[in-house]
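Every number in this text was worked out from the coordinates using simple rules, so none of it is lab data. These numbers come from a predicted model, not from an experiment. Here the Cβ is made from the backbone with ideal geometry for all residues, glycine too, and neighbour counts use every protein chain on show.
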Amino acid sequence: MKIRFNTEDDFAQRIEGFIQENVSLATYNTFRFDYSAEYFAIAETLDSLRDLLAWAKLNHKTVTMIGGGSNLLISDHVLGLVIINKLSGINVREHSGNLVNLTVAAGENWHQVVQFAVENGWYGIENLALIPGTAGAAPVQNIGAYGVEIKDVLSRVQVINKDTGDVYWINGRDCGFAYRDSHFKGQWKDVLLITSIELSLKKQADFQLGYGGLSDRMDGIPDLQSVFNTVCRVRNEKLPDPAVLANSGSFFKNPIISQKQHAELKLRFPDLVSFPFEEGFKLAAGWLIDRAGWKGAHFQGVGVYEKQALVLVNYSENDASALLELEDKIKQSVYEKYGVSLEREPVQLPVVTEIVE
Ligand SMILES: Cc1cc2nc3c(=O)[nH]c(=O)nc-3n(C[C@H](O)[C@H](O)[C@H](O)COP(=O)(O)OP(=O)(O)OC[C@H]3O[C@@H](n4cnc5c(N)ncnc54)[C@H](O)[C@@H]3O)c2cc1C
């Protein structure tokens, strides 16, 4: 499927009716920073998305897609066309054995997809309940929680090429999934948008209860609904609801360090929280920040959440400058105390290009 490059007036009139200029993005990011999009549109169908891409190409505008805005750090006005993803629809294919395939349009709310699976008795994504945002953004950073990542159940991803308008499927195993990472965050970032995802779920139980104290929090024999309820309860206890207190979830990734560095740190900090990971260890970034004295800190109108030091919150700021300053202070103090560099998890918009002297 190709973009129809139609320069006739009817195309221009039709598409320009959908595009607004200079629109505030404050309600389109969960940090609620108030920057504007130069051009702004909402895509509800694949056809309208294709037309918007054609308009952007004709007018030499870059395209940025936003889903729920729950993994974004918008720190300036965004040039070009910002498209809010509202593509909707879920399609179910039940197979005779243990398998069921869900094809989910990218603009569907992720938590509602999890609820839908749980209500129907399909296993595989219950640990990913209450993660805000859209289904289409879930593969971008390979969302994960309580020992499960979306890559574990993601069979295919449907994409549209921003430049050519081609729509096609990519196998999950070719998407470069890693801890909070994928090609959609890297080499495909400027080229592909996700329009749909296909999940491969099971009809029989296969629980992952070994992480985050889930099994200790369950009463009786676990079933799908009780696992889902427990995940929701635990998350509600320790994470702020962005509708109440502006935040973007974990602000830093859990750092991965070598066995040697881990052994040295463990000697200095015997209660260090860490997990074996691939060749080395993953550290709990929240623990590092907490023990460096930041939990509950306030800085200008932003701060570190009082119940979970991994989450930075925005109490009152309209712009991101105080948060960026707080981020630097935390990174510096963690590095000075442990020799560990923290990496930001949310995606910064507009993309900041480092100037090499
Ligand atoms: C309270 C809270 C708790 C959270 N807990 C977790 C957690 O447990 N685990 C976890 O992994 N994450 C967590 N997150 C982060 C966030 O919810 C996820 O990363 C989510 O997948 C982001 O979805 P979104 O639609 O809001 O994406 P956005 O924030 O809108 O976009 C994120 C990035 O993806 C790009 N993007 C969005 N849609 C598309 C698309 N269709 N195609 C291509 N690129 C796209 C955007 O351009 C941007 O670069 C949490 C966030 C909050 C606020």
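Under unit Cβ charges (Lys, Arg +1; Asp, Glu -1), what dipole magnitude, rounded to 20 debye, does region 253-357 have relative to its Cα centre?
Rounded to the nearest 20 debye, it is 520 debye.
Let me check I've understood the local charge: for N85, count other residues with C-beta under 10 angstrom from its C-beta, Lys and Arg +1, Asp and Glu -1. What total comes out?
-1
Checking the cross-link pairs K185/K260; K238/K329; K189/K331; K295/K331; K86/K307 against a 21 Å limit on the alpha carbon distance flags K185/K260; K238/K329; K189/K331; K86/K307 as lying beyond it.
Could you work out the helix-only [θ] at 222 nm for the chain, with each DSSP H run of four or more residues adding -39,500 (n - 2.57) and the total divided by the number of residues, to the nearest 500 deg cm²/dmol?
Values: 7 runs with 81 residues, N = 357.
That calculation yields -7000 deg cm²/dmol at 222 nm.
For every other residue with a beta carbon closer than 15 angstrom to the beta carbon of G97, add +1 if it is Lys or Arg and -1 if Asp or Glu, then tell me the sum. Surrounding charge for G97 is +1. Each Lys and Arg contributes +1 and each Asp and Glu -1, all at the Cβ; summed about the Cα centre of region 9-85, the dipole is approximately 240 debye. Spin-label model, A243/Q208: points 7 Å from Cα along the beta carbon direction are separated by 2.7 nm. Within straight-line reach of K151, meaning a Cα separation under 13 Å, sit the following aspartates and glutamates at least 8 residues removed in sequence or on another chain: D174, D181, E198. The phi-based Karplus calculation (6.51 cos²θ - 1.76 cosθ + 1.60; θ = phi - 60°) puts the 3J(HN,Hα) values of region 229-239 at 4, 5, 4, 4, 5, 4, 5, 5, 5, 10, 10 Hz, whole numbers, x for Gly and Pro. The listed peptides 171-179, 35-43, ordered by packing as a protection proxy, come out as 35-43, 171-179 (highest mean of other Cβ atoms within 10 Å first).
Which whole-number percentage describes the relative contact order of region 9-85, with Cα contacts under 8 Å and a sequence gap of 6 or more?
Working: 132 pairs, mean separation 27.8, N = 77.
Worked out over region 9-85, it gives 36 percent.
With N set to the residue count of region 99-205, report its C-alpha Rg divided by 2.2 N^0.38 Å to two decimal places. Mind dumping the intermediate values first?
Values: Rg = 13.1 Å, N = 107, 2.2 N^0.38 = 13.0 Å.
Compared with the compact-globule rule of thumb, region 99-205 sits at 1.01.
Relative contact order for the chain: 16 percent, from Cα pairs under 8 Å spaced at least 6 residues apart, divided by residue count.
How large is the charge dipole for region 90-237, taken about the Cα centre, if only the Cβ atoms of Lys, Arg (+1) and Asp, Glu (-1) carry charge, to the nearest 20 debye? Mind showing how you got there, number by number?
Numbers: 13 positive and 17 negative charges, 35 e Å.
For this selection, approximately 160 debye.
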